[in-house]
1. Which one of these does residue 115 not meet: (1) part of a helix (DSSP H, G or I); (2) surrounded by fewer than 21 Cβ atoms within 10 Å (Cβ to Cβ); (3) not small (Gly, Ala, Ser)?
2. Among the residues of the range 94-104, are any closer than 17 Å to residue 175 by Cβ and in contact with a Lys or Arg (Cβ under 9 Å, 6 or more places away or on another chain)?
3. Can you tell me which residue is modelled with the highest pLDDT among those in the range 402-430 that are open to solvent by 10 Å² or more (accessible area, probe 1.4 Å) and more than 25 Å from residue 377 (Cβ to Cβ)?
4. Pairs, please: C-beta under 8 Å, at least 6 apart or cross-chain, first residue touching a residue at least 40 places away in the same chain (Cβ under 8 Å) and in the range 86-107, second among the charged types (D, E, K, R) and open to solvent by 60 Å² or more (accessible area, probe 1.4 Å)?
5. Kindly check whether there is at least one residue in the range 133-145 that is within 26 Å of residue 182 (Cβ to Cβ), open to solvent by 50 Å² or more (accessible area, probe 1.4 Å), outside any helix (DSSP H, G or I) and not acidic (Asp, Glu).
6. Looking at the range 311-330, which of its residues are crowded, with 17+ Cβ neighbours inside 10 Å and among the aromatic types (Phe, Trp, Tyr)?
7. How many of the residues in the range 238-264 are over 21 Å from residue 324 (Cα atoms) and of a type in the set (A, V, I, L, M, F, W, C)?
Amino acid sequence: MIRARTVLALSAPLIAFFLIQNAVNLAVLALLGQLGTATLAGAGISGAIYGMVLALLFGFDTGVQVSTARAAGAGSIDGAAQALVNALSLSIPLGATLTALVYLLGPTLVAGLTHDSAAIAAGSTYLRAEAPSILFLAVTIPINGFWIGTGAPKYALLVSLVVAPLQVALSWVLLAKWGVAGVGVAFSIAMLAGVCVQTWLARKYLFRRPEWSGAMSIARIGWPVSVQQAFLQIGFIIAFAVVAQLGTSSIAILNVLTTLTLVPVQSATGLGTAAGALAGQALGRGDAADAKRWGWQIAMGGALLMMPLGLIAVVAPRELLSFFLKDPRSVTLAVLPVQMLGAGVGIDAFGRILGFALRGVGATRAAAGIAFMTQWLALLPLMWVAGIRLGFGLNGIVAVQVALTIVEAALFAWIWHRGRWTSIRIGRDETTTDISASRIVVLGGAGAGKSTLARAIGEKLVLPVVHLDRLVIGPGWRRIDNGTARRQLADALTPGHWVVEGVYPALQDITLPDADLVVWIEQPALVRLFRAWRKTRIHKDKPRADRPDGCAEGFSAAYACTVFNFGRFNPSLQRDLAAATPARVIRLKGDRAVRGFLTSLHRLK
């Protein structure tokens, strides 16, 4: 019950926020519908183009949300505020650039997607009128991510309660005066009002100097989302181009179907965003198991909640469509597609929630990669085959979309179940804060750089370094018996001060329980393979501090297999280390993390 209240407290404002946006979209769609099918078609095309451009800003929302959720989970509101300012330092210049490009190139893009002159005129006018809103959204999108990540989405809802009625009222007034251009201008004015309200609400967090390294961290987290969302929108544009071959009325129907599905889609998005924030905060507290539970529980609950919305489309499709489509023939053509979309609402919600949860915990590449593959490798080609080549029209196109929704949901569930995302580090983690230790264990796969790091630690902290290979392996690569190796290790450990490098489970009960720091170096398998090979060439027939005496070093297929099969940090390994040692466990991904760790390391007094 407590968890349900927690989800409701965070997700209800988000769902309300998205539903208000969707209600506005539906109201605007109904207003545009009064201007005819060509205007609806043109608005749909311009909306796809606008969405493609705006998607380039979505990564800032994700980057800020991930960073602020971790900071909030660790109790650092100052760190969350810094993440917001870092994101704004990049998003505002990008937003200004995109605004100019849309205004200059928008009409050309619209003309490339349809041959209907009336649709081209309406779409071009609409796109240019709403172009300034991109700059305004470049400010509000990161601030919304901040509110969500810090567990205060009510502020995002508050802004929408101001902006939404203003947009609808202005659209109604300006539509009568300027037509489709008035609707676009109304949107831009409403987004400007949103900027004013957002910056006033967030004013105490904004007056600080941006940090370049923090801005780059936000960009690294968010760029897969921006790229994936941009390609998703490009896919929509291609979908409109495919559907355009079926006629202008089909484009108008696709616009209506897309807008109608936003109701369950945005509700699921609100739940998924809440799942990501709660899971991210759990990771900030160091509770990976709780983070996993949040994802599963919200995804399954959300799927059940969304199914009644889909049932409306299945049971009463004509009544639903008649609000937006005035042509009876178009309504008949859209009945089966809207019923199929309604039937798949529950599964779509389940997958969408887990996809947004993966973004919220920082697994943006996995989430974006799956969406990219299902769209570009399957959805778009199969849409053309089913809809155009085989002649099934909109029915075939929507059937393909529903089928791939099931596939995508299964893939997201598989990734969430595997749990590798629980070990993702965000921003200024353990490798960039002061670390004090005097009994350190260095672990990792072959070729990861364990020996090099151990020697560097020993030099910096003036600690003796013990290489386990020299204690476990004798001349000719002969394995020394376990009892002898254990005695040699015990004798080699200077009481209270040492660095031990190497992975030998039979000896870990001597070092791990007494360690005050455990370091795992993780490098890509190909990097480790190259370094392992290079080591055998550079040091061939030469003595080395970490290699046993009397052991000629070589490179073989068996050694290569060892490199590929062992070296990745995973949840199982994380649990084993947590059970074996009370020490802090730090995962270093790549050379940059290793250098940052060495800079931050100090000897325990």
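The values are calculated or read from the model by the stated rules, or taken from the named source; none is laboratory data. None of the values given here were measured: they were computed from a predicted structure. In this analysis, Cβ positions are derived from the backbone assuming ideal geometry, glycine residues included, and neighbour counts consider all displayed protein chains. Protein only, heavy atoms only, side chains kept; ligands, DNA and RNA dropped before computing areas. Shrake-Rupley method; radii C 1.70, N 1.55, O 1.52, S 1.80 Å.
1. It is condition (1) that residue 115 fails.
2. For the range 94-104, residues closer than 17 Å to residue 175 by Cβ and in contact with a Lys or Arg (Cβ under 9 Å, 6 or more places away or on another chain): absent.
3. So, considering only residues that are open to solvent by 10 Å² or more (accessible area, probe 1.4 Å) and more than 25 Å from residue 377 (Cβ to Cβ), the one modelled with the highest pLDDT is 422.
4. 86/211; 102/128; 106/128
5. Quick first cut of the range 133-145, residues within 26 Å of residue 182 (Cβ to Cβ) only: 133-141.
Narrowing the set further to residues that are open to solvent by 50 Å² or more (accessible area, probe 1.4 Å) leaves 135.
Retained after the next criterion (residues that are outside any helix (DSSP H, G or I)): none.
No; the residues of the range 133-145 include none that is within 26 Å of residue 182 (Cβ to Cβ), open to solvent by 50 Å² or more (accessible area, probe 1.4 Å), outside any helix (DSSP H, G or I) and not acidic (Asp, Glu).
6. The answer is 324, and nothing else.
7. Looking only at the range 238-264, we keep the residues that are over 21 Å from residue 324 (Cα atoms), and these are 238, 241-242, 245.
The next check asks that each one be of a type in the set (A, V, I, L, M, F, W, C); those that pass are 238, 241-242.
The qualifying residues number 3.
To keep it simple, each residue is scored yes or no on (1) open to solvent by 50 Å² or more (accessible area, probe 1.4 Å); (2) among the acidic types (Asp, Glu); (3) modelled with pLDDT under 80.
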| residue | (1), (2), (3) |
| --- | --- |
| 3 | yes, no, yes |
| 11 | no, no, yes |
| 19 | yes, no, yes |
| 28 | no, no, no |
| 45 | no, no, no |
| 49 | no, no, no |
